[in-house]
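The values are calculated or read from the model by the stated rules, or taken from the named source; none is laboratory data. Given the structure is predicted, the values throughout are model-derived calculations rather than measurements. Quick reminder, even Gly has a Cβ in these numbers, built from the backbone with ideal geometry, and neighbours come from all protein chains shown. In case anyone asks, the SASA skips ligands and DNA or RNA and just uses the protein heavy atoms, side chains included. Shrake-Rupley method; radii C 1.70, N 1.55, O 1.52, S 1.80 Å.
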Amino acid sequence: MYKNLINGEWLEGARVSRNVNPSDTRDLIGEFAQADAEQAREAVAAARAAFPAWSQSTPQQRFDILDAAGTEILSRRAELGDLLAREEGKTLPEAIGEVGRAGNIFKFFAGEALRVGGESIPSVRPGVGVEVTREALGVIGLITPWNFPIAIPAWKLAPALAFGNTVVMKPADLVPASAWHLADILQRAGLPKGVFNLVMGRGSEVGAVLLDDTRVDAISFTGSVSTGKKVAAACMNRADGRMAKFQLEMGGKNPFVVLDDADLEIAVSSALNSGFFSTGQRCTASSRLIVTEGIHDRFVAALAMKMNALKVDDARKAGTDIGPVVDNSQLAQDLEYIAIGKAEGARLVAGGEPIELSSAGAPGFYLKPALFSEASAEMRISREEIFGPVVSVIRVKDYDEALAMANDTPFGLASGIATTSLKHATHFKRHAQAGMVMVNLPTAGVDYHVPFGGRKGSSYGPREQGKYAAEFYTTVKTAYTQA
Ligand code: NAD
């Protein structure tokens, strides 16, 4: 039984939830305490009480704890990666990579705790000095999705703590184990009680407390657009009239453009990786491939051939390329979109069939990655986030049409292009309406020390990660002094 961490104590919840392995649904990873609204409020009270001391802690104290946590995460990469693959279903190498990313994020923000600086600016008035400094924001509520069970909690938690905030985190219901281990590691790294509280439980109950409780100063949310809109509305309409600062990272329908002059191998491997790896369950996945006429047929044939060679199997088995879908309802959603694509008139050129058993005979949520060609920009499969291994190819005339098509989406997270033309690469970097642009690289797979985030319907608020994270997790003070 894995418990919630509230005010430095491990506490049972009102209920328990069972965490099941999507590669083998007979495998129970553990039972996890589910907090109710009352416990969530206790966690907020603990974070509030811990804030004055933690916000005044020295950068050295914060560095030491975050650095120790990073060291432990990195040293337990293989074990925590195995757990992550078991609860979420990405392959073992992907899961170990994600754990490594989380460890590196803690190391990076340990350093950022030491680098909080300010500015001294001459006043326009004689004899007056102006200082601009950053201060901790207060109590931060973190609400995270299931698809990156350790990296997303890490990239919210580490900056929140580095800049002197206290935290209540609610991880996604489907993947509590990775978040639980983060709490355990931080606790043992010496974090004072109440600075970080973990409350596992339902979004509508525990998440709602974080949004409504006026003792929470800010919310960092990653998840779907529909939940993100609820988060925004709640943060703007609190009982005491004071709004909470909020940051939303939401869905994507990321385009990957392939031009006639592309290196075919780079184009195919980038599309394969960002369309299907991690079972297509990445917000940065490219699910729209926009391909110019001259290379279209060769590209589709080569991609379909590579897809047919992918091994869909138990996430932890050596040699597996694609693990299972995360759960039954996500699998049902993927299959529904495959049916919609067929009904809309797109051509299913590869995959799309569910597979009931792993190669070892274990029941799981397996799906053969699906590729549609002859899709149009208006089709639902080309416009809506499916969040599974389902990709559509749209044929276009030339670069100008490809760029217009790439930008014709309500989302704006990542955008990619495969080309050997410096002119088109440069133009695309400048004109792609997305927070992140990739040239000759998959749209998914980003560095941990630089800003991450999108535009339009994908994101709201300041960027996450890298030094830009300070924009959200601190508040700026301008002080004037008459000498
Ligand atoms: P989700 O919106 O269903 O849930 C996200 C979190 O919100 C969960 O912890 C959930 O319990 C909580 N929640 C649900 N209802 C709530 C409510 N009423 N009040 C407060 N909290 C509530 O999303 P998901 O299915 O876990 O994740 C998939 C989505 O996340 C996809 O749309 C994907 O694109 C997006 N995502 C975005 C990024 C990014 O950085 N842009 C990264 C990863 C995932």
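Per residue, the chain exposes an accessible area of 39 Å² to a 1.4 Å probe, with every protein chain left in place. Working from label points 7 Å from Cα in the Cα-to-Cβ sense, the ARG15 to GLN61 distance is 3.8 nm. If you plug the beta carbon distance of GLU353 and ARG125 into 1/(1 + (r/R0)^6) with R0 = 60 Å, you get a FRET efficiency near 0.25.
Comparing GLY361, GLN433, MET379 along the charge dipole axis of the chain, the residue lying farthest to the positive side is GLN433, per the Cβ-charge model. Approximating the spin labels as points 7 Å out from Cα along Cα→Cβ, the GLU38-to-THR71 distance works out to 4.2 nm.
For GLY103, the shell of other residues with beta-carbons less than 13 Å away shows a net charge of 0, using +1 for Lys and Arg and -1 for Asp and Glu. Placing R0 at 56 angstrom, the Cβ-Cβ distance between ARG242 and THR25 gives a FRET efficiency of 0.80 after rounding to 0.05. Relative to the longest principal axis of the Cα atoms of the chain, helix 293-308 runs at roughly 80 degrees.
Across the chain, the relative contact order, built from alpha-carbon pairs under 8 Å that are at least six residues apart, equals 18 percent.
If each residue of separation counts as 0.36 nm, what is the full-extension length gain between TYR468 and LYS397 once their alpha-carbon separation is subtracted?
Gain on extension, TYR468 to LYS397, equals 21.7 nm.
With a Förster radius of 56 Å applied to the C-beta separation of ALA53 and GLU378, the computed FRET efficiency comes to 0.50. Under the convention that each Lys and Arg Cβ holds +1 and each Asp and Glu Cβ holds -1, the size of the dipole of the chain around its Cα centre is about 980 debye. Taken over segment 254-439, lysine pairs spaced eight or more positions apart, or on distinct chains, with alpha carbons under 23 Å apart number 8.
Distance between Cα centroids, segment 308-363 to segment 149-227: provide it in whole Å. Taking the Cα centre of each part, segment 308-363 and segment 149-227 sit 31 Å apart. Between the alpha-carbon centers of segment 1-76 and segment 404-483, tell me the distance in whole angstrom. That distance is 30 Å.
Expressed as a fraction of 2.2 N^0.38 Å, the value expected for a compact globular protein of N residues, the C-alpha radius of gyration of the chain is 1.00. With K and R counted +1 and D and E -1, the other residues having a Cβ less than 13 Å from that of ILE73 yield a net charge of 0. Normalising the average separation of contacting C-alpha pairs (under 8 angstrom, six or more residues apart) by the number of residues puts the relative contact order of segment 254-439 at 29 percent.
If I fit a long axis through the Cα atoms of helix 37-55 and take the longest principal axis of the Cα atoms of the chain, what angle between them do I get, 0 to 90°, rounded to 10? Between helix and principal axis, roughly 60 degrees.
If you wrap segment 254-439's Cα atoms in a convex hull and average its projection over all directions, what's the area in nm²? Value for segment 254-439: 9.7 nm². Calculated mean residue ellipticity at 222 nm for the chain: -12000 deg cm²/dmol, from DSSP H runs with n ≥ 4 weighted as -39500 (n - 2.57), summed, divided by the residue count and rounded to 500. The long axis of helix 328-344 is offset from the longest Cα principal axis of the chain by roughly 40 degrees. Other residues whose C-beta falls under 12 angstrom from the C-beta of ASP27 contribute a net charge of +1, scoring Lys and Arg +1 and Asp and Glu -1. 3J(HN,Hα) along segment 466-483: x, 5, 5, 4, 4, 4, 7, 8, 9, 10, 8, 10, 10, 10, 10, 10, 8, 5 Hz, from the Karplus curve 6.51 cos²θ - 1.76 cosθ + 1.60 with θ = phi - 60°, whole Hz, x for Gly and Pro.
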